[in-house]
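The values are calculated or read from the model by the stated rules, or taken from the named source; none is laboratory data. Worth saying up front: this structure is predicted, and the values here are computed from it rather than measured. Heads up, the Cβs are rebuilt from the backbone with ideal geometry, glycines too, and the neighbour counts pull from every protein chain shown. Side chains included, ligands, DNA and RNA excluded: accessible areas come from the protein's heavy atoms. Shrake-Rupley method; radii C 1.70, N 1.55, O 1.52, S 1.80 Å.
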Amino acid sequence: MKLKLLRSVFGYDTFRPLQEACIQSVLDKRDTLLLMPTGGGKSLCYQIPALIFPGLTVVISPLISLMKDQVSQLKTLGVEAEVLNSSLTREEYAVNQDRIRSGTTKLLFCAPETLFKDNILQMLASCRVDCITVDEAHCISEWGHDFRPEYRRIKDLREQFPDAVFLAVTATATERVRRDIIANLTLNDPCELVASFNRDNLFYEVIPKSHATDQTIDYIKKFKGQSGIIYCFSRKQVDSLTKDLNDVGLEALPYHAGLTDDVRHKNQESFIRDDVPIMVATIAFGMGINKPNVRFVIHYDLPKNIESYYQETGRAGRDGLPSQCLLLFSAGDAGKIKYFIDQKTDETQKRVAQNHLNAIMAFAQSRQCRRIPLITYFGENYSIEECGLCDNCVKPKETPMDLTTAAIKFLQCVSETDERFGALHIINVLRGSEAEKVLKYNHHQCKTFGTGHEWSVKQWQNLVIQLLSRSLLSKDDEYGVLSLCQGSYTVLSGKCSFQGYLPEPETAPARTARARYSEDYDTALFNKLRDKRKELADKLGVPPYIIFSDKSLIDMCHRRPTTKEEFAQIFGVGEQKLRRFSAAFIRVINN
């Protein structure tokens, strides 16, 4: 039944990793936690059970745009799905409620704020609810990067719907956040399914930020009108960069909280409908946007944490085609984030935010494969030294320097200060700083005090990253305290030397980024198919990717189907899409 629905409704021949296991767990009515990267196919894991269960599946989602997008896609596939939120008129709201009460609707999408209204709970009490899916489940944890207090009420639904299975899904959660999700949702002996965090179609690149606008423009020009998102730290920067891009003929629109709701909605619609290729945004944009053909994501400024970086870069290449992720890095951006961290009054929040900043800094300055610090951050074992899909793995290898003396100085200082302090304090001692904290603990009397004055703070910080990445130093995740480990003593005892790298100057010229968009197909035909897709989408008032993804169009270019039977074999073509759209695309191919 599962495989039949996969083919007939969604047009896919096989399940992706963990999808079938998750679907079966939900059908067995076992609470389930699914961790799957953006674009990995999480939605199928509750959509297929919803089509099999006799009752209703309720999907709790944080954003209106996500709900609207999913409902549009499902209705195109012939699936009965509805949404209840503030975007509906009173009449639309009433019609949707009637369809839910009558049992016509298989999937209901709503935000927790809507769900907990008395009239909605009363309506659902009259329905058979078989599954409650919590999308973006990391929002329930204070240790996550997007905590939403209203998510904490979801567990109360257990009493009202004791026979419903709970499915929690998210793309970003560390081990600590996963434990929080299970505890806060009171998941009962859950089946935990954790997919690999490796997005093997994404190319990661970090370059020193020098002339950021010029670097951005040069980079975008390599993508020939393809869709992309640029993330900026502030609203002012969004507006300024948008103007600069349009001034050189690169069509772009802004998105941030300072714009009116109408303008934000209009700009978002223009982007997802392929009317404008580039969106320049603060982090307010993108959560839940299911646009699969984003070919590049640029971080114009440093993200606050690795979770945000992973989630935002994950909006590139959701269709599985090669896509690029560029981060422009400067220590000055880290200083801006640190300023806002210091304004926090809650010490726990301040500590969590500082740890997040330290992790993204370590990622940006790493000389090893980008995937190692990125993927291991989420608790996954990843040890492939050369992925071939990041800047560090494709650029010519530098000759390492002998940094044994510096490493010994640093480790000795950690020992002298009783392994009770973080990296910055150790660096201050080594550089001979008379900072209040150094004097307070009499660390100006340490033997290592001032012995590392010839190195900058940044150089010492880079050394710390290298020591940690090679397990030659340990760090407490909660407080950031450094301590010695077994590897430390091999260096201190002289049993092994330490070969490493000093950071490049901030002003180093940016290397030319390679656009890796796959072009091993007839691009002229692809563009004609894309035009037809846009024409049909505009007539139906939906985004083009709801008609077909780029991956489906490329499959058409390869197979060139000329009959409905041949068209039925195209990737993503189910019964509804075959009936509604095959003739129009076959005509384009025949012509």
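Worth pointing out:
- Each of the trypsin sites (Lys or Arg not before Pro) that DSSP puts in a loop and that has at most 15 other Cβ atoms within 10 Å breaks the chain; the longest unbroken stretch is 225-343.
- The ILE384 and TYR501 beta-carbon pair, evaluated with R₀ = 25 Å, returns a calculated FRET efficiency of approximately 0.80.
- Potential lengthening between ASP275 and GLU434 on full extension [0.36 nm per residue; Cα-Cα distance subtracted]: 51.5 nm
- Debye-sum result for the chain in log10 I(q)/I(0), which assumes one identical scatterer on each alpha carbon, at q = 0.08, 0.10, 0.11 Å⁻¹: -0.62, -0.94, -1.11
- ILE220, ILE52, ranked by accessible area, largest first (probe 1.4 Å): ILE52, ILE220
- Per DSSP, loop chymotrypsin sites (Phe, Trp or Tyr not before Pro) in region 373-455 with at most 11 further Cβ within 10 Å: none
- Additional length obtainable on full extension of the chain from THR348 to HIS211, 0.36 nm per residue less Cα span: 45.7 nm
- Test item: Cα-centred dipole of region 211-333, Lys/Arg +1 and Asp/Glu -1 on Cβ, debye: 220 debye
- In a fully extended conformation the segment linking LYS447 and ARG579 would gain 39.6 nm over its present Cα-Cα distance, using 0.36 nm per residue.
- Ranked order, TYR489, TYR219 - accessible area, probe 1.4 Å, largest first: TYR489, TYR219
- The C-alpha atoms of the chain define a longest principal axis, and helix 261-272 lies at about 80 degrees to it.
- Summarising the amide proton neighbourhood of PHE203: residues at separation of 5 or more, or on other chains, whose placed amide H is nearer than 5 Å comprise SER323, GLN324, CYS325.
- Ordering GLN412, LEU472, PHE378 by Cα displacement along the dipole of the chain toward the positive end leaves PHE378 in first place; charges were set at the Cβ atoms of Lys, Arg (+1) and Asp, Glu (-1).
- Mean residue ellipticity (222 nm) of the chain, computed from DSSP H runs ≥ 4 via -39,500 (n - 2.57), nearest 500: -12500 deg cm²/dmol
- The shape of region 101-228 can be summarised by an equivalent ellipsoid whose semi-axes, obtained from the alpha carbon gyration tensor, come to 39, 19, 15 Å from longest to shortest.
- Accessible surface for ASP520 stands near 110 Å², nearest 10, in the context of the full protein assembly shown (1.4 Å probe).
- Centroid-to-centroid, using Cα positions, region 287-362 and region 532-581 are 35 Å apart.
- Accessible surface of the chain, 1.4 Å probe, proportion on carbon and sulfur as whole %: 49 percent
- When the listed pairs LYS106/LYS577; LYS106/LYS532; LYS222/LYS336; LYS236/LYS397 are checked against a 27 Å cut-off, the alpha-carbon distance exceeds it for LYS106/LYS532; LYS222/LYS336; LYS236/LYS397.
- With the alpha-carbon atoms of region 1-155 aligned to their principal axes, the span from lowest to highest coordinate is 41, 39, 26 Å, starting with the largest.
- C-alpha long axis of helix 175-184 to longest principal axis of the chain, angle in °: 50 degrees
- Database remark: amide H of ILE230 closer than 5 angstrom to the amide H of MET279, VAL280, ALA281, ILE298 (H placed geometrically; neighbours at sequence offset of 5 or more, or on other chains; Pro and chain starts carry no H).
- For the chain, a simple Cβ point-charge model (Lys and Arg +1, Asp and Glu -1, everything else neutral) yields a dipole of about 900 debye relative to the Cα centre.
- Using the 1.4 Å probe convention, the accessible area of the chain works out to 43 Å² per residue with neighbouring protein chains retained.
- In terms of overall dimensions, region 31-94 has a Cα radius of gyration and Dmax of 12.9, 37 angstrom.
- Phi angles of region 116-129 translate, via the Karplus equation with coefficients 6.51, -1.76, 1.60 and θ = phi - 60°, into HN-Hα couplings of 8, 6, 4, 5, 6, 5, 5, 4, 5, 5, 8, 10, 8, 9 Hz per residue; Gly and Pro are given as x.
- Neighbourhood net charge (11 Å Cβ-Cβ; Lys/Arg +1, Asp/Glu -1) for THR448: +2
- Spatially, region 63-97 and region 122-189 are offset by 21 Å when compared through their Cα centroids.
- Axis of helix 347-365 versus longest Cα principal axis of the chain: the two differ by about 90°, to the nearest ten degrees.
- Neighbourhood charge, 12 Å Cβ-Cβ cut-off, centred on GLY487 and excluding it, Lys, Arg +1 and Asp, Glu -1: +2
- Reachable aspartates and glutamates from LYS75, criterion Cα separation under 15 angstrom, eight or more residues apart if same chain: GLU575
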